[in-house]
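K.L.:
Starting off with a structure, shown below.
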Amino acid sequence: MRKELERVARADAKVLITGESGTGKEVVARQLYALSSRAHRAFVPVNCAGLPETLLESELFGHVKGSFTGAFRDKPGKLEVADEGIIFLDEVGEMTLRMQGLLLRFLETGEIQKVGAERTGSRVNVRTITATNRNLREMVASGEFREDLFYRLNVIHLIVPPLRERREDVPELANHFLARFAKPEVSSARAISADAMAMLSAYRWPGNVRELQNVIERALVKCRTEIIEPADLPPEVRAEQPGTPPFRERRRTVADQLYEQITRDHQSFWTTVYPLFLQREITRQSVREVVQRGLRESRGNYKIVARNFNMDQRDYKKFLNFLRKHHCQPKFMEFR
């Protein structure tokens with residue numbers, strides 16, 4: 001794949017990277033940057049799903065003093081900071097249609113108009129790399145994503161396959177994370193045993209590269225020797241090995257843990273699930289599974305779900321709007 005990345009990096013064209021959540025799309029974007037002629041300039045990542053529309057506009061284009069409450073001085077946007085370099089727009093499929101229009105105009109002209117400014121300002125030369133785990137063609141068909149913007153972004157399309165389809169990469173990635181996180185004050189581990197590596201390679205990795213990274217970090221904390229052994233790996237990794245007794249109980253998921261925090265520990269949906277989703281620590285599917293469990297318990301009544309999820313009564317519409325916006329809303333009729 002490195003040769004393909006080198007060709008793409010040299011092309012200096014717009015790149016769209018797609019793949020499941022956690023597959024390492026930002027890693028690919030950074031590799032393209034490192035191999036490109038712009039490597040001596042800035043690489044500026046922006047998470048389009050982590051900010052509401054007004055803040056995202058200010059983040060990308062900047063703002064002038066007094067344009068809104070809290071704008072105490074002129075501020076350059078990320079596009080301006082990335083001049084002559086590369087901007088990486090992660091989760092571009094989460095942009096609103098208005099923001100899509102603003103981005104399209106910038107891609108066509110290269111001109112920046114800051115929030116609150118009366119006219120366009122400077123013109124910049126930025127290479128754009130975008131990423132999403134959503135199907136943009138389907139979104140175009142449903143009217144959720146602008147067709148003209150899609151073709152602007154989709155000059156070169158790179159698909160990052162899930163880790164379960166490229167198990168040969170697991171040893172290299174595991175050793176990379178080991179070298180990255182191994183610190184004397186954390187662990188004395190410096191290598192992974194052959195048996196432990198075989199288990200890592202055989203695991204399905206539903207959370208992809210991000211899950212592998214977390215497993216190595218946890219193993220380093222648990223390990224008390226210089227070699228990470230199978231006993232240092234989490235139970236779910238050890239449970240799926242060939243020749244071991246079948247694991248008949250349903251494996252606990254992230255959604256199970258979050259649902260327990262909400263219902264047993266009386267934590268709010270807004271303090272448990274919501275921030276993890278915005279920080280991309282959990283996927284859209286995990287949110288949907290938490291809501292499905294709530295609907296199952298309430299027999300399809302979203303108002304009861306909101307109450308059981310420890311929300312204020314006034315948050316009911318906010319809850320539904322969040323689920324619709326991020327496509328996490330199961331059909332309540334399935335649970336009646």
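K.L.:
In terms of the Cα gyration tensor, with a ≥ b ≥ c the square roots of its eigenvalues, is the range 254-335 rounded because a/c is under 1.5, prolate because a/b exceeds b/c, or oblate?
P.N.:
rounded
K.L.:
Hey, how many Å between the Cα centroid of the range 78-104 and the Cα centroid of the range 218-237?
P.N.:
Here the two parts' Cα centres lie 40 Å apart.
K.L.:
Further question: If you stretched the chain out fully between GLN285 and ASN125, how much longer would it get, using 0.36 nm times the residue separation minus the C-alpha to C-alpha distance?
P.N.:
53.9 nm
K.L.:
Using a Förster distance of 56 Å, how high is the FRET efficiency between ALA13 and ASP195, based on the Cβ-Cβ distance and rounded to 0.05?
P.N.:
Calculated value: 0.80.
K.L.:
Grab the other residues whose beta carbon is less than 10 angstrom from that of PRO161, score K and R as +1, D and E as -1, and report the net.
P.N.:
Residues near PRO161 contribute -1 overall.
K.L.:
Moving on to the next point. Which stretch or stretches of the range 120-147 have amide N atoms under 16 Å from the point lying 7 Å from VAL64's Cα along the Cα→Cβ direction?
P.N.:
Under cut-off, by backbone N: 120-123.
K.L.:
Can you tell me which lysines have their Cα less than 18 Å from the Cα of LYS222? Leave out same-chain residues fewer than eight positions away.
P.N.:
Candidates past the 8-residue exclusion: LYS183.
K.L.:
Restricting to lysine pairs 8 or more places apart or on different chains, what number in the range 1-116 have Cα atoms under 30 Å apart?
P.N.:
15
K.L.:
Can I ask one more? How would you classify the range 101-187 from its alpha-carbon gyration tensor, with a ≥ b ≥ c the square roots of the eigenvalues: rounded for a/c under 1.5, else prolate if a/b is greater than b/c, otherwise oblate? Write out the running numbers ahead of the final one.
P.N.:
Numbers: a/c = 3.29, a/b = 1.69, b/c = 1.95.
Oblate, since a/c reaches 1.5 and b/c is not below a/b.
K.L.:
At 0.36 nm per residue, and after removing the present C-alpha to C-alpha distance, how many nm does the segment from ALA231 to GLN267 gain when stretched out fully? Don't skip to the answer; put the middle values down first.
P.N.:
Numbers: separation 36, 0.36 × 36 = 12.96 nm, distance 3.25 nm.
Separation in residues times 0.36 nm, less the Cα-Cα distance, equals 9.7 nm.
K.L.:
From the phi of every residue in the range 226-239, what ³J(HN,Hα) in whole Hz does the Karplus formula 6.51 cos²θ - 1.76 cosθ + 1.60 yield, where θ is phi - 60° and glycine or proline is x?
P.N.:
Whole-Hz 3J(HN,Hα) from phi for the range 226-239: 8, 10, 6, 9, x, 5, 7, 8, x, x, 5, 6, 6, 6.
K.L.:
Per 0.36 nm of contour for each residue apart, how much would the distance between LEU104 and ARG307 grow if the chain were fully extended, relative to their Cα-Cα spacing? Show your work: numbers first, answer last.
P.N.:
Numbers: separation 203, 0.36 × 203 = 73.08 nm, distance 4.11 nm.
Net length gain for the segment: 69.0 nm.
K.L.:
Right, next: With the Cα gyration tensor of the chain giving a ≥ b ≥ c as the square roots of its eigenvalues, does the rule (a/c under 1.5 for rounded; else a/b larger than b/c for prolate; else oblate) give rounded, prolate or oblate?
P.N.:
Working: a/c = 1.92, a/b = 1.21, b/c = 1.59.
Cα axes put the chain in the oblate bin.
K.L.:
So if we plug the beta-carbon distance of ALA39 and PHE332 into 1/(1 + (r/R0)^6) with R0 = 51 Å, what FRET efficiency do we get, rounded to 0.05?
P.N.:
Computed FRET efficiency for ALA39 and PHE332: 0.50.
K.L.:
Sticking with this structure for a sec: Checking a compactness column here: for the range 2-160, what do you get for Rg(Cα) / (2.2 N^0.38 Å), N being the number of residues?
P.N.:
For the range 2-160, the normalised Cα radius of gyration comes out at 1.02.
Laboratory data are not the source of any read-out in this text; all were calculated from the coordinates shown. Please read these numbers as outputs of a predicted model, since none were measured by experiment. With ideal geometry, Cβ positions are generated from the backbone for all residues, glycine too; neighbour counts draw on all protein chains shown.
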